Amino acid sequence: MKNQPIILMLGVLALGAPLGADVVGTSDRLQHGRPRAVPGQVVVKFKDGVEEAEMARLMSVGGGHEGARSRFTRGLRVVRVSKDVPVEAAVARFAELPGVEYAEPNYLRQLYLQPNDARFALQWNFRLIGAPRTWDIQQGSSSVTVAVLDSGVASEDLAPFTVDFGAFYAGPAVVPVRVGPFRKTPDWGTTRFATGYDAIYNTGHAWDDDGHGTHVASTIAEATNNSSGVTGLAFGVTLLPIKVCISQPWFDEDLVGCPTFAIAEGIDHARTAGAKVINLSLGAPFPTASERVAVERAAAANIVVVAATGNDDGPIGFPAAYPDVIAVGSVNGSRERSFYSNFGAELDLVAPGGDFNDADSDGRPDYIYQQTMDPELAARGIYTSVDFLWGFVGTSQASPHVAAAAALLISQGITDAKAVREALQQTADDLGAPGRDDQFGYGLINPVKALSGLGLNR
Amino acid sequence: MRMGRRGAIWALALCALPAATLSAAERFSVGFEAGYQVLSSATDSAKAVFDGSTGGATFGGSLRFSIRPKFFVGAGFSTFSKQGERVFVASPSSPVFELGHPLEIQLNSVYGFAGFRPWPNATLVPYISLGAGQTSYQEESTIGGLSDSSDESKFSWHAMAGVDYRLPGLGGLAIGAELRFASAQDLIGLGGVSKVYGETDLGGFSAVARISFQR
């Protein structure tokens with residue numbers, strides 16, 4: 001891809017990930033839980049020496065009958081009792097019987113989700129914000145649609161097709177360009193997609209000729225627990241890919257970037273298509289009326305709009321700086337502000353965007369790894385299906401963490417966009433100066449805390 | 001149930017009183033109570049986590065000793081539990097969003113009291129009493145399969161007014177009704193919705209029916 005001074009904050013620090021051997025992720029999650037037991041069952045261990053006939057008699061005396069017996073431990077039975085009898089009462093009854101060594105409920109353990117995605121160990125960013133525990137609580141509802149306004153998303157296979165610039169190109173007549181084919185990146189698994197939208201070329205498909213949008217969308221909902229690739233924070237939601245960026249100089253190098261008209265159109269399309277969350281990992285240092293009005297319409301329609309603050313170590317760009325937008329900056333693996341992350345009074349939250357350090361000492365820089373494709377190959381319409389994980393660094397990568405967290409909150413029941421913003425802000429881990437500050441906003445998102453909500457006194 | 005030092009001293013002092021002053025003619029009663037309790041000092045918090053409800057069933061019991069014909073002392077306990085769910089509420093004026101995580105609270109009070117009966121020999125015996133003790137509060141939530149619990153215990157005041165009716169010919173069996181008000185300051189308000197609403201007292205009114213054996 002030819003480098004351009006694009007106004008996008010598109011993974012400007014994008015680097016290929018030097019992947020090594022598979023590493024199985026670890027979890028330090030708690031192993032205790034509220035007891036749940038199989039109704040109508042008691043696990044009974046009879047004392048050694050108790051004969052079969054006596055066991056049967058004791059089970060009958062206790063009000064039950066044999067349901068199953070251990071193949072490995074003599075005298076260990078599952079005793080079936082009436083489901084109308086509380087398990088605790090049945091356990092107490094059997095425990096008092098002579099000949100019974102112990103009786104206990106047939107407790108139900110919970111299958112903790114420790115994703116088996118082959119490269120999950122690379123995702124320090126998800127561990128930093130407690131993703132495994134988050135998934136125990138909420139994985140995202142398919143009824144919640146997250147619009148990704150970006151370079152597109154490689155979510156479908158497309159045969160070569162012809163594009164022209166239509167309304168966007170004001171120069172002399174150009175010959176339409178034939179592009180593609182494009183291939184769906186390999187780790188979408190069961191991820192759901194709404195019909196995409198192309199606000200640039202009006203092709204009817206949000207095809208990705210850059211890789212940035214696919215990477216961002218994958219942070220939100222890459223297929224998870226499917227033994228492949230890495231994970232997405234809200235992998236149960238529905239993605240709505242919307243192409244709002246001109247990523248390749250198909251017609252004119254000066255046109256590479258994301259036209260604000262297309263962004264505004266994309267926001268309005270997301271609104272009318274029923275999106276609940278819009279992610280904008282793009283921006284520039286100046287506002288536009290069309291974009292602002294579209295954002296205001298989205299906010300009025302109860303849509304959470306999330307945007308990256310920018311990668312200039314300077315003031316927060318737009319659309320992030322609009323009041324109706326959740327402005328997201330970046331932290332590294334040490335919870336420090338990333339050296340590039342824009343900051344200021346409009347900053348709401350920070351999320352992992354990474355940098356070149358190696359805070360977790362895994363031998364790799366702290367990039368954000370997600371599936372996408374090689375932009376150089378994509379420029380020629382070639383998507384590789386091997387080593388499809390790429391490490392990007394930037395506030396573009398931080399923003400989808402917050403968009404995904406917002407989608408999880410909506411899935412959990414916080415159905416008001418303003419309340420979602422409040423919940424994310426109030427539950428963030430305060431970093432930097434106490435309280436909200438311009439370097440970290442309200443702090444690092446804490447999805448577990450946000451999803452846990454409030455009890456009466458806790 | 002945990003009992004703080006201050007509450008324990010109050011309860012013990014009030015219970016010890018009759019041992020020093022009772023005469024053979026003085027009466028004793030043991031009663032059991034059931035009724036309805038309203039968390040009227042924390043209505044916003046209760047409504048938030050209990051789907052708009054502020055009350056529920058309460059149970060308890062008490063011992064009473066007469067120290068003079070018109071005066072009595074005693075000790076009692078009450079328990080209240082209710083199930084709801086965790087919510088999110090951004091501010092006192094914001095809507096409440098239910099999150100589906102089960103929540104259960106348990107309130108237990110132990111207290112001593114002293115009371116006055118203006119007409120101890122009437123058929124219907126009205127009385128009032130004031131007490132002090134300790135109220136403990138437990139809260140447990142289940143979030144994503146893991147339990148999260150907390151407990152607090154604070155000094156509490158109790159005010160009661162009621163009437164007893166001794167059933168004739170039933171060997172000292174009596175029935176009655178009682179209205180109560182309890183206050184347990186700073187029992188809540190440290191976190192959760194009670195912090196959002198600025199409510200710190202989990203006391204409130206309750207109305208109970210009482211059955212007792214007197215002699």
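All but one of (1) out of contact with any helix residue (DSSP H, G or I) (no Cβ under 6 Å at 6 or more places or on another chain); (2) at pLDDT 95 or above; (3) more than 22 Å from A:ALA221 (Cα to Cα) hold for A:ALA275, so report the exception by its number.
That leaves (3) as the condition not met.
Residue check, B:ALA42 against (1) of a type outside the set (S, T, N, Q); (2) crowded, with 16+ Cβ neighbours inside 10 Å; (3) away from chain A (no Cβ under 12 Å), all met but one. Which one?
In the conditions (1) of a type outside the set (S, T, N, Q); (2) crowded, with 16+ Cβ neighbours inside 10 Å; (3) away from chain A (no Cβ under 12 Å), B:ALA42 misses (3) alone.
Take the residues of segment B:136-162 that are of a type in the set (Gly, Ala, Ser) and within 14 Å of chain A (Cβ to nearest Cβ): which is farthest from B:GLY61 (Cα to Cα)?
B:GLY144
Kindly indicate whether A:VAL325 is surrounded by fewer than 20 Cβ atoms within 10 Å (Cβ to Cβ) and either more than 21 Å from the chain's Cα centre (by Cα) or closer than 22 Å to A:VAL148 by Cβ (or both).
Against the criterion (surrounded by fewer than 20 Cβ atoms within 10 Å (Cβ to Cβ) and either more than 21 Å from the chain's Cα centre (by Cα) or closer than 22 Å to A:VAL148 by Cβ (or both)), A:VAL325 does not qualify.
Restricting attention to segment A:15-69, which residues are modelled with pLDDT under 50 and more than 14 Å from every other protein chain (Cβ to nearest Cβ)?
Selection gives A:LEU15, A:GLY16, A:ALA17, A:PRO18, A:LEU19, A:GLY20, A:ALA21, A:ASP22, A:VAL23, A:VAL24, A:GLY25, A:THR26.
Could you tell me whether any residue of segment A:297-310 is buried (at least 20 other Cβ atoms within 10 Å of the Cβ) and of a type in the set (Lys, Arg)?
no
Between B:SER66, B:SER109, B:SER129, which is away from every other protein chain (no Cβ under 13 Å), of a type in the set (Ser, Thr, Tyr), more than 19 Å from the chain's Cα centre (by Cα) and part of a strand (DSSP E or B)?
B:SER66
Restricting the search to segment B:72-96, which residues are touching a Leu at 6+ places or on another chain (Cβ under 9 Å) and within 14 Å of chain A (Cβ to nearest Cβ)?
B:PHE80, B:SER81, B:LYS82, B:GLN83, B:GLY84, B:GLU85, B:ARG86, B:VAL87, B:PHE88, B:VAL89, listed by residue number.
For every residue, the table says whether it meets (1) farther than 23 Å from B:ASP44 by Cα; (2) modelled with pLDDT of 95 or more.
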position: B:SER81; (1), (2): no, yes
position: B:GLY84; (1), (2): no, yes
position: B:VAL89; (1), (2): no, yes
position: B:PHE97; (1), (2): no, yes
position: B:LEU107; (1), (2): no, yes
position: B:GLY115; (1), (2): yes, yes
position: B:GLY131; (1), (2): yes, yes
position: B:ILE143; (1), (2): no, no
position: B:SER147; (1), (2): yes, no
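Could you please find all residues in segment A:104-122 being at pLDDT below 85, in contact with a strand residue (DSSP E or B) (Cβ under 9 Å, 6 or more places away or on another chain) and not in a strand (DSSP E or B)?
A:LEU108, A:GLN110
Are there any pairs with C-beta distances below 7 angstrom linking a residue in segment A:428-452 that is under 20 Å from A:ASP313 (Cβ atoms) to a residue that is of a type in the set (D, E, K, R), with the two at least 6 apart or on different chains, and if so which?
As it stands, the answer is A:LEU431/A:ARG335; A:GLN439/A:ARG337; A:PHE440/A:ARG337; A:GLY441/A:ASP348; A:GLY443/A:ASP429; A:GLY443/A:ASP430; A:LEU444/A:ARG335; A:LEU444/A:ASP429, since those pairs meet every condition given.
This table checks each residue for (1) in a helix (DSSP H, G or I); (2) in contact with a helix residue (DSSP H, G or I) (Cβ under 6 Å, 6 or more places away or on another chain).
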| position | (1), (2) |
| --- | --- |
| A:LYS83 | no, no |
| A:VAL91 | yes, no |
| A:TYR102 | no, no |
| A:ARG133 | yes, yes |
| A:GLN139 | no, no |
| A:SER143 | no, no |
| A:VAL148 | no, yes |
| A:GLY152 | no, yes |
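So, in segment A:86-106, exactly how many residues are crowded, with 16+ Cβ neighbours inside 10 Å and over 18 Å from A:GLU54 (Cβ atoms)?
Result for segment A:86-106: 5.
Out of all the residues in segment B:56-63, is one or more assigned to a strand (DSSP E or B), under 24 Å from the mean Cα position of the chain (by Cα), modelled with pLDDT under 95 and under 23 Å from B:ALA161 (Cβ atoms)?
No, segment B:56-63 contains no residue that is assigned to a strand (DSSP E or B), under 24 Å from the mean Cα position of the chain (by Cα), modelled with pLDDT under 95 and under 23 Å from B:ALA161 (Cβ atoms).
Could you tell me whether any residue of segment B:163-186 is within 14 Å of chain A (Cβ to nearest Cβ) and either in a strand (DSSP E or B) or buried (at least 18 other Cβ atoms within 10 Å of the Cβ) (or both)?
Yes: segment B:163-186 contains one or more residues that are within 14 Å of chain A (Cβ to nearest Cβ) and either in a strand (DSSP E or B) or buried (at least 18 other Cβ atoms within 10 Å of the Cβ) (or both).
The values are calculated or read from the model by the stated rules, or taken from the named source; none is laboratory data. Keep in mind it's a predicted model, so treat the numbers as computed, not measured. Don't worry about glycine lacking a Cβ; one is built from the backbone with ideal geometry, like all the others, and counts go over all protein chains shown.
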